[in-house]
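Comments concern the structure below.
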Amino acid sequence: MSEPLLTIEDLVVEKHKESKAIISRLNLQIARGEMVGLIGESGCGKSMTARAILNLLPGQMNATGKIHYKNRNLLGLSHQEYRKLLGKEIAIIFQDYRGSFTPFIPIGKQMVETIQVHNPLSKNEARTVALDVLAEMGLEAERVYRSYPFQLSGGQVQRAAIAMSLALKPSLLICDEVTTALDVMSGEKVLNYIEKMRKETGCAVLMITHDLTQAYKRTDKIYVMERGEIVESGTPEVIRCYHQHPYTKKLCGCLLALPGEESESKPTNEKVISI
């Protein structure tokens, strides 16, 4: 794997006037072209970590430590400098897709404006890019392009929001539970396209997910988070089969195994639930 694109050192996120940190001395690294998984139960701080990277923490919270992106400490940047990075350099696909679009402007118009803000393209060129990524998401591109958000299903809006982020071909893509609102087949299409884009552009991906199967299948490295702390990290094989921390064991024990998987190499003290 190539040199680090993003390095987080001793990140602490605290709420004003509260003694306990929401995120405590977090360390994480993502290389160029690497897909890294961040797993843990709801409320452990995964999405808050993403917001700290993007400087989108709520006003009553503050972050300390270092977040190095291309050798620049993001925590030292001005608001204006941050804005230049967001979208084109660093993009996020939010779990709550409903805030991705203004309700009363057609999807296509919003996508074209976003693409043109970050790229020197004509309106027709931006339209072509928008239609291409909508089609890659498995959508009826022309219809979705002309539609308002309220004319589409939740899953269609989610895929359109993902398409808008991917159209900019960022260097770092943060995926926060991107398949939550999607059926299995649509989710696979989305993840396959993210994987395709990663291979073509060399972008790095931080995948925040509850889906351990997808984390095992698609990531190069996994970080396990519990109550604001990274408790274990390693390759998917290490996290699945040779984990050391009790919390990781508890997480992995919740994953059902298909018939025949019991024969895989696993610690002898790990209980496998079969269906």
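The values are calculated or read from the model by the stated rules, or taken from the named source; none is laboratory data. These numbers were taken from a predicted model, which means no experiment stands behind them. Cβ: placed from backbone, ideal geometry, glycine included. Neighbour counts: every protein chain shown.
Residue count for the range 85-109, restricted to those that are without any contact (Cβ under 8 Å) to a residue 24 or more places away in the chain and closer than 15 Å to residue 169 by Cα: 1.
Once the range 62-74 is narrowed to residues that are hydrophobic (A, V, I, L, M, F, W, C) and in a strand (DSSP E or B), the residue that is modelled with the lowest pLDDT is 63. Selection of the range 14-56 for residues being among the aliphatic types (A, V, I, L, M), crowded, with 16+ Cβ neighbours inside 10 Å and within 16 Å of residue 94 (Cβ to Cβ) yields 38, 48, 50, 52, 53, 54.
Which residue out of 129, 144, 133 is buried (at least 17 other Cβ atoms within 10 Å of the Cβ), aliphatic (A, V, I, L, M) and more than 23 Å from the chain's Cα centre (by Cα)? The conditions single out 144. Restricting the search to the range 214-224, which residues are out of contact with any Ser or Thr (no Cβ under 7 Å at 6 or more places or on another chain) and under 15 Å from residue 249 (Cα atoms)? Within the range 214-224, just 216 meets the criteria. Each residue in the range 56-99 was checked for being under 18 Å from residue 204 (Cβ atoms) and not aromatic (Phe, Trp, Tyr), and 17 of them qualify.
A single member of 238, 272 is out of contact with any His (no Cβ under 7 Å at 6 or more places or on another chain), modelled with pLDDT of 90 or more, among the hydrophobic types (A, V, I, L, M, F, W, C) and surrounded by fewer than 16 Cβ atoms within 10 Å (Cβ to Cβ), and it is 238. Within the range 195-205, the set of residues being crowded, with 18+ Cβ neighbours inside 10 Å and either touching a helix residue (DSSP H, G or I) at 6+ places or on another chain (Cβ under 7 Å) or modelled with pLDDT under 90 (or both) comprises 197, 203, 205. Listed by first and then second residue, the pairs with beta-carbon distance under 6 Å, at least 6 apart or on different chains, first residue in the range 191-215 and within 27 Å of residue 243 (Cα to Cα) and part of a strand (DSSP E or B), second small (Gly, Ala, Ser) and at pLDDT 90 or above, are 207/37; 209/215.
One residue is enough: does the range 40-61 have a residue meeting the conditions outside any loop (DSSP other than H, G, I, E, B) and farther than 19 Å from residue 230 by Cα? Scanning the range 40-61 turns up at least one residue that is outside any loop (DSSP other than H, G, I, E, B) and farther than 19 Å from residue 230 by Cα.
Of the residues making up the range 241-256, those that are exposed (fewer than 15 other Cβ atoms within 10 Å of the Cβ) and assigned to a helix (DSSP H, G or I) are 246, 250, 253. With the structure loaded, tell me whether residue 95 is surrounded by 14 or more Cβ atoms within 10 Å (Cβ to Cβ), within 26 Å of residue 47 (Cβ to Cβ), within 16 Å of the chain's Cα centre (by Cα) and polar (S, T, N, Q) or whether it fails that test. Spelling it out, residue 95 is indeed surrounded by 14 or more Cβ atoms within 10 Å (Cβ to Cβ), within 26 Å of residue 47 (Cβ to Cβ), within 16 Å of the chain's Cα centre (by Cα) and polar (S, T, N, Q). Pairs meeting the criteria (first residue in the range 110-136 and of a type in the set (Gly, Ala, Ser), second residue assigned to a helix (DSSP H, G or I) and surrounded by fewer than 18 Cβ atoms within 10 Å (Cβ to Cβ), beta carbons under 6 Å, at least 6 apart or on different chains) are 126/116. Applying the criterion of being in a helix (DSSP H, G or I) and of a type outside the set (Val, Ile, Thr) to the residues of the range 165-185, the residue that is surrounded by the fewest Cβ atoms within 10 Å (Cβ to Cβ) is 185. Taking the stated definitions as given, is residue 118 buried (at least 16 other Cβ atoms within 10 Å of the Cβ), more than 22 Å from residue 155 (Cα to Cα) and of a type outside the set (A, V, I, L, M, F, W, C)? So residue 118 passes the test.
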